[in-house]
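Reading through the structure tokens given below for one structure.
The values are calculated or read from the model by the stated rules, or taken from the named source; none is laboratory data. Keep in mind that what you see is a predicted model, and the values were worked out from it rather than measured. We place every Cβ from the backbone using ideal geometry, glycine too, and count neighbours over all the protein chains shown. Heads up: the accessible areas ignore ligands, DNA and RNA and are worked out on the full protein's heavy atoms, side chains in. Shrake-Rupley method; radii C 1.70, N 1.55, O 1.52, S 1.80 Å.
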Amino acid sequence: MPVDLTGTFLTLDDGRPAVRFRRTYDQPADRVWRLVTDPGELAGWFPSRAEMDLRPGGAIRFSGDPNMPESTGTVLAAEPPRHLRFEWGGDELRFDLEAEGGRRTRLTLTDVLAAENAAARNGAGWEVCLAALDAKAHGERTAGPHTGAGAAWREFYDGYVAAEVPSGAPVPGLD
């Protein structure tokens, strides 16, 4: 059964490959900002536990992903509650929040890829993670992106490959 792919593969103006996702939440921007920056909130949907010093040049410590070793990254930009950009595993993640009316917020997540062939792999991973974020934003209980995510990830990955999104990068935990 085909899955609904919500990510878009694109080439940025500077020539770098990226996958981009958009979501709209019935939450004010301050609440969505906490979902993408607070370690306790991130634990429910982000692939790794992330503890960050929210200032340009600040460190981010990533841990807890069963498929990845602990690592660090750097905050490249932080403009609460509208924009966050940081390095993670060779990629650059961008979170842009835009208020829509009084209580709705559009979240745009752009994963600027270190390697183009990671697009299908990362796209599938973000589908699983963002489904957990969607549930969390709607007040639903979620066990996070690693609980039972393998089967869903494979379906999304196969969907991205079928859509001719660049693929072939190693898959941590499977390769």
**OP:** Sort the following peptides by mean Cβ neighbour count (other Cβ atoms within 10 Å, averaged over residues), highest first: 160-167, 69-76.
**Re:** 160-167, 69-76
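Order ASP134, ASP53 by their accessible area, 1.4 angstrom probe, all chains in place, largest first. All intermediate terms of the calculation are to be shown ahead of the outcome.
Values: ASP134 35, ASP53 60 Å².
Descending order: ASP53, ASP134.
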Original post:
At 37 °C and 0.692 mPa s, what whole-number value in µm²/s does Stokes-Einstein give for the translational diffusion of the chain, with Rh from the Kirkwood sum over Cα pairs?
Top reply: 201
Subject >> Solvent-accessible ranking of ARG31, ARG61, largest area first, probe 1.4 Å >> reply: ARG61, ARG31
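Normalised by the residues of the chain, what does the relative contact order come to in percent, with Cα pairs under 8 Å and at least six apart? Provide the component values of the computation, followed by the final result.
Values: 349 pairs, mean separation 43.4, N = 175.
It comes to 25 percent, rounded to a whole number.
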Subject >> Rounded if a/c under 1.5, otherwise prolate or oblate - the range 19-66, Cα gyration tensor axes >> reply: prolate
Original post:
Under a 1.4 angstrom probe, counting protein chains only, how are MET68, MET52 ranked by accessible area, largest first?
Top reply: MET68, MET52
Original post:
Taking only protein heavy atoms and a 1.4 Å probe, what accessible area per residue, in Å², does the chain have with all protein chains in place?
Top reply: 50
Original post:
Hey, got the dipole for the chain? About the Cα centre, +1 on K and R Cβ, -1 on D and E Cβ, debye to the nearest 20?
Top reply: 440
**OP:** Calculate one ³J(HN,Hα) per residue across the range 44-53 by plugging θ = phi - 60° into the Karplus curve 6.51 cos²θ - 1.76 cosθ + 1.60, and present them in order as whole Hz with x for glycine and proline.
**Re:** x, 8, 6, x, 10, 5, 10, 10, 10, 8
